[in-house]
Amino acid sequence: MKEQVRLLSVNDLRVHFSQQKSGGLGKPVLIHVVNGVSFDVFQGETLGLVGESGCGKTTLGRALIRLGHSVVTGTISFEGREITSIGNREFRSLRKEIQMIFQDPFGSLNPRLTVGQMLGEVLLVHGIARGDAARKRIEELLDVVGLNKEYANRYPHEFSGGQRQRLGIARALAVNPKFIICDEPVSALDVSIQSQILNLLKDLQRDLGLTYLFIAHDLSVVEYISDRIAVMYLGKIVEIADYAELYANPMHPYTKALLSAIPNPEFGGKKDRILLNGDLPGPMNIPSGCGFHPRCPSAMAECRMRAPQLQEHNSANGHQVSCLLYE
């Protein structure tokens, strides 16, 4: 078996925002959005990250490349180099290695720039190419993502949603990155277009040796593209496993509830749906003990008092779970 090379390592990552109370009186309140997350991403793999809206998935992805005005603690290492505390100028050069594809394919593109100007700006800022070399590189990028090279003279509003997402992918590829954070890149697209973009991402990974962190809430999409899957709830990762192991043997009660919600494609097929009580608590009202206990159908008295740790349950396949039921 080929030894896996650790590309990204995250240890006890915490992200919080400061928010003023309503009325503007009193001290600002700290909102903990990511609350002690640890995981590794190995070279050439796709790690899927799933969970309900509001659980902190996007904030986690943005924290990895310093997007947003949040406070981050913990450590992030890329290719064995600790990057959490490096200066902005030094981190800017690292952005050629780590890129992001955003959820909104229209809002993430500058409406005042043509495709050629947008991609040319990326190449110029990072010192990759200019002039004729830049024009040639832009044509290559458009061809790689399945677009006509003549589209370089068009503006973002002249494209469909699927084409705009291809432009977002081309922009990420412009600097020859090793690691790409995909923040729900197909959630705003029609189902037929989703499959095209997913297949494009898989082809690019195979041809260019890319590594992905794929953030999504659609479990069917995550199953199709991921090698391993991490399940996130209320700012914490509650389970990590190989995609086949997770779908065949989910351990955490939250993971079981998520998987039970996937529709059965067979005609007349039924599934035993696990319904959770209440809604996802807000980051300002995180429950004591295990954050999932108010909604968990298997909660014990101890769950209200003690927070479980993410621990390896099966060393043979690296299945990790954070639940007192298995401690």
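If a residue counts only when it is β-branched (V, I, T) and within 30 Å of I237 (Cβ to Cβ), which helices (runs of 4 or more DSSP H) contained entirely in segment 131-224 have at least 1 such residues? Outline the logic, then answer.
Values: elements: 131-144, 161-173, 191-208.
Qualifying helices (runs of 4 or more DSSP H): 161-173, 191-208.
Which members of segment 72-93 meet the condition of being touching a residue at least 24 places away in the same chain (Cβ under 8 Å) and not in a helix (DSSP H, G or I)?
First, pick out the residues of segment 72-93 that are touching a residue at least 24 places away in the same chain (Cβ under 8 Å): 72-80, 91.
Matches in segment 72-93: V72, T73, G74, T75, I76, S77, F78, E79, G80.
Give the residue, chosen from G74, G80, G51, that is surrounded by 17 or more Cβ atoms within 10 Å (Cβ to Cβ) and farther than 15 Å from Y212 by Cα. Give the derivation first.
Values: G74 fails: surrounded by 17 or more Cβ atoms within 10 Å (Cβ to Cβ); G80 fails: surrounded by 17 or more Cβ atoms within 10 Å (Cβ to Cβ).
Just a single option satisfies the conditions, and that option is G51.
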Subject >> Number of the exception - D279 against (1) among the charged types (D, E, K, R); (2) farther than 27 Å from T58 by Cβ; (3) surrounded by fewer than 13 Cβ atoms within 10 Å (Cβ to Cβ) >> reply: (2)
Subject >> Residues of segment 190-200 classified as crowded, with 16+ Cβ neighbours inside 10 Å, within 18 Å of the chain's Cα centre (by Cα) and without any contact (Cβ under 8 Å) to a residue 40 or more places away in the chain, total >> reply: 3
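Taking G120, is it surrounded by fewer than 21 Cβ atoms within 10 Å (Cβ to Cβ) and without any contact (Cβ under 8 Å) to a residue 24 or more places away in the chain?
On the way: surrounded by fewer than 21 Cβ atoms within 10 Å (Cβ to Cβ): no; without any contact (Cβ under 8 Å) to a residue 24 or more places away in the chain: yes.
Answer is no for this residue.
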Original post:
Here are I193, I98, I128: which of them is within 30 Å of N11 (Cβ to Cβ) and not charged (D, E, K, R)?
Top reply: I98
Original post:
Are there any pairs, at least 6 apart or on different chains, whose C-beta atoms fall under 6 Å, with the first in segment 162-186 and over 18 Å from D218 (Cβ atoms) and the second among the hydroxyl-bearing types (S, T, Y) and modelled with pLDDT of 95 or more, and if so, which?
Top reply: F179/T211; I180/Y212
Subject >> Enumeration of residues in segment 292-305 that are over 16 Å from L258 (Cα atoms) and either touching a Leu at 6+ places or on another chain (Cβ under 6 Å) or among the acidic types (D, E) (or both) >> reply: E302, C303
**OP:** Residue by residue through segment 209-223, note down the ones that are modelled with pLDDT of 95 or more and surrounded by fewer than 17 Cβ atoms within 10 Å (Cβ to Cβ).
**Re:** G209
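Condition first: in a strand (DSSP E or B) and either surrounded by 14 or more Cβ atoms within 10 Å (Cβ to Cβ) or of a type in the set (V, I, T) (or both). Now tell me which residues in segment 287-313 satisfy that.
So in segment 287-313, the residues in a strand (DSSP E or B) come out as 311-313.
Across segment 287-313, the qualifying residue is only H313.
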**OP:** May I ask you to say which residue of P253, P265 is surrounded by fewer than 14 Cβ atoms within 10 Å (Cβ to Cβ) and either modelled with pLDDT under 95 or farther than 19 Å from F42 by Cβ (or both)?
**Re:** P265
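Yes/no per residue for (1) surrounded by 15 or more Cβ atoms within 10 Å (Cβ to Cβ); (2) touching an Asp or Glu at 6+ places or on another chain (Cβ under 6 Å); (3) at pLDDT below 95:
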| site | (1), (2), (3) |
| --- | --- |
| A129 | yes, no, yes |
| K136 | no, no, no |
| E139 | yes, no, no |
| L142 | yes, no, no |
| Y155 | yes, no, no |
| G161 | yes, no, yes |
| A170 | yes, no, no |
| L173 | yes, no, no |
Original post:
Residue check: is Y243 free of Cβ contacts under 8 Å to residues at least 40 places away in the same chain, closer than 30 Å to A307 by Cα and more than 15 Å from the chain's Cα centre (by Cα)?
Top reply: no
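The values are calculated or read from the model by the stated rules, or taken from the named source; none is laboratory data. It should be emphasised that the depicted structure is a prediction, and the values quoted were computed from it without experimental measurement. In this analysis, Cβ positions are derived from the backbone assuming ideal geometry, glycine residues included, and neighbour counts consider all displayed protein chains.
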